[in-house]
Amino acid sequence: HDSCVRGRRLIIVFPCQLDVDQLFVDACDAFWWDVPHFCVPLHVEHVGRVVPRECKHSDGRDSADSDEKSLPVAGHPKITVDSGMAPRKQTAEVPVFLMMPLDTLDPTTGKLKESSAELLPGAAALGAEGIMVDVWWGLCEQEPGIYNFDGYVDLLKQCRSLGLKVQAVMSFHACGGNIGDSVNIPIPQWVLDLEFTVPELFYRDQRGDPSREYISLSCDHLARFPGKRWAEDEEAEDSLRTALELYEDFMLAFRNATKDFARDGTLVEIQVGCGPCGELRYPSYPLAPREHYPDGWAWPGIGELQCYDRGMYLDMKEALGRDRPPIRLGAYSDAPDDAKFWTKLPNEQTLMQYLLGMLQTAGPSKYPPEHFSHPSGRAFLAWYSGRLLSHGEEVMAVARDVFGPTMRLAAKVSGIHWLRAHPSHAAEVTAGYHGSYLDAVCEILAKTRSVLDFTCFEMRDDSQPSFALSRPEGLVQSAAEAAHRAGIEFAGENALFCWQDEGSIEQIEAQCELAVRGGVVMAGFTVLRLDHWLLAPGSPQRKAMERFIANMKDLSKRKLSRSAWTRFRIGMRRAYESFMASQI
């Protein structure tokens, strides 16, 4: 009782042989309801795992305002206190959020643009649950340790007045040079200025060209960045910060600036950027030209490993005892069978492929050619992927500590669907996705009760050229199943703008319905991207969007929402796309 009065959680450890579920039921009946300081009791998810639901203190404070953290129970590895919010119940309704333009704020003044504010009433009129907006690090921390979120606060105020909920993306990456990037917003200049003094700062490819989209995970624990540590109750001191501390300070400052909106339910989700494009991956397929590769990556190329900065080299040496990655990895736009490391095994090759492989000269004796399926190749790729997973786990743990147990957190994973049918899965692997990576990602997200956000919902297998070996449909389904196995929520996005195509919209609905029927809890779907012409009264795109949002509110009735003529047109267009794809 004293713990509850003081706004703290009571952790009770029981011997494992007891019926913990029944014990908690008895405890709640005995004394919990007599405690007036919490309106919701503890919830037992399963034996040995206690999940606190959202609760309010008697003084109106939300539990997210406290400094409580997830606490492992010493000596009892099976009993932990999970700090995440309880997931939504399984339902046929999937909330729809509309993604705001990349330049929602004026990049010069940091204020909310009038053209962006004009989109909000239209979003509410469509019946959307809310919006998603990028909170750009490069705009909000232009001087180390000095933050300006005024434009986002204005946006939240307008959303609150319209009844719109907000998903905020902690965008620690740069904008510009990728698909759909219409503006250029680099990471803070004071970080870019460190490139020649901090060799671990950026990921680098095999030519030594840096990717300036996102700080390398090599800097997660390196104190190289200037600025004061953010402090709420005490004066901060000047010190060098690690990359994780940069992210933590930024999120703490944002939480402090927006806590009123989190408390009243306007700010409902924080998506945490863990890599380029806000996705947990390496920058393996950049569209922007590199200094020694001016053409940039071209679809459906294999991409390139991004482990040639000093920090990754040192880590590789310590973990694997090797001083360089494998050789003959190919170039960004190569096909897998163009590179010795990714090529099919001899028993999977045609005779011509085998003979051409035999003609390739052997590598230096110190670095014999390796293969993705050989033990040394598998060990290297496991290390490469494991470092990415560790980075994601640490960033999400920091975010959970900052935002508390009741805020919904999410992390985004890229839907790399091309070359998925090739045995090497080269395009996925160069991005850091190796082996059963979807299960591995979901396992680390489960530790912080975070949502898996996935892309490419609108894509179909038979609409992709055969040479791309693309399998987007199965990839989305695999991601949903992995989230379900891990007991976390699942969310989706379309990878490309598709709201002029009824077939793509219907595919999104079908994927969401398939996931829900399989027991997956869908946290929501985010539409890429809100624009004025999408809201134009009477336009086909607006009608399609209105129908889509209505269908997502009750997926069981979606098939009845389209006329026979519309369904016929969708079928004919898909047949045409399949035929054209087969001819490429």
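Within the accessible area of the range 467-555, the carbon and sulfur atoms contribute 55%, probe 1.4 Å, all protein chains present. For the range 215-326, the solvent-accessible area works out to 41 Å² per residue, with a probe of 1.4 Å and every protein chain left in place. Projecting label points 7 angstrom from Cα along Cα→Cβ for Ala510 and Lys228 puts them 5.7 nm apart. In this simple spin-label model, placing a label point 7 Å from the Cα along the Cα-to-Cβ direction at both Met572 and Lys259 gives a separation of 6.0 nm. Using the Cβ-Cβ distance between Ala92 and Ala382 with R0 set to 35 Å, the FRET efficiency from 1/(1 + (r/R0)^6) comes to roughly 0.35. Separation of the alpha carbons by more than 31 angstrom is noted, of Lys447/Lys543; Lys228/Lys259; Lys111/Lys165, for Lys447/Lys543. The tail of the calculated P(r) for the range 361-498, taken as Cα-Cα distances beyond 25 Å, holds 35 percent of the pairs.
Ranked highest first by average number of other Cβ atoms within 10 Å, how do 302-315, 460-473 line up? Kindly include the intermediate steps, with their values, before the conclusion.
Values: 302-315: 22.6, 460-473: 18.4.
Final packing ranking: 302-315, 460-473.
So, by mean Cβ neighbours within 10 angstrom, what's the order for 216-229, 403-416 with the highest one leading? Mind dumping the intermediate values first?
Details: 216-229: 19.1, 403-416: 23.5.
Order by mean packing, descending: 403-416, 216-229.
With protein chains left intact and a 1.4 Å probe, residues in the range 362-462 average 29 Å² of accessible area per residue.
Summary of the geometry: the range 119-187 and the range 546-561, compared by the centres of their Cα atoms, lie 28 Å apart.
Ranked by solvent-accessible area (1.4 Å probe, protein heavy atoms only, all chains present), the residues Val94, Val183 order from largest to smallest as Val183, Val94.
In this structure, Gln477 and Gln541 have a Cβ-Cβ separation that, at R0 = 41 Å, corresponds to a calculated FRET efficiency of about 0.90. Annotation: extensible slack from Glu114 through Ser556 equals 155.3 nm (criterion: 0.36 nm per residue apart, minus Cα-Cα distance). Each residue, Thr197 and Phe467, gets one label point 7 Å from its Cα in the Cβ direction; the gap between the two is 4.8 nm.
Ranking Trp383, Trp299, Trp565 by solvent-accessible area of protein heavy atoms (1.4 Å probe, all protein chains present), from largest to smallest, gives Trp565, Trp299, Trp383.
Solvent-accessible surface of protein heavy atoms, probed at 1.4 angstrom with all chains present, puts His292, His532, His173 in the order His292, His532, His173, largest first. Asp334 sits with roughly 40 Å² accessible to a 1.4 Å probe, with DNA, RNA and ligands left out of the calculation.
The values are calculated or read from the model by the stated rules, or taken from the named source; none is laboratory data. Source: prediction; values computed, not measured. Positions of Cβ are backbone-derived with ideal geometry, glycine not excepted, and every protein chain shown enters the neighbour counts. Note: areas computed on protein heavy atoms with side chains; ligands, DNA, RNA excluded. Shrake-Rupley method; radii C 1.70, N 1.55, O 1.52, S 1.80 Å.
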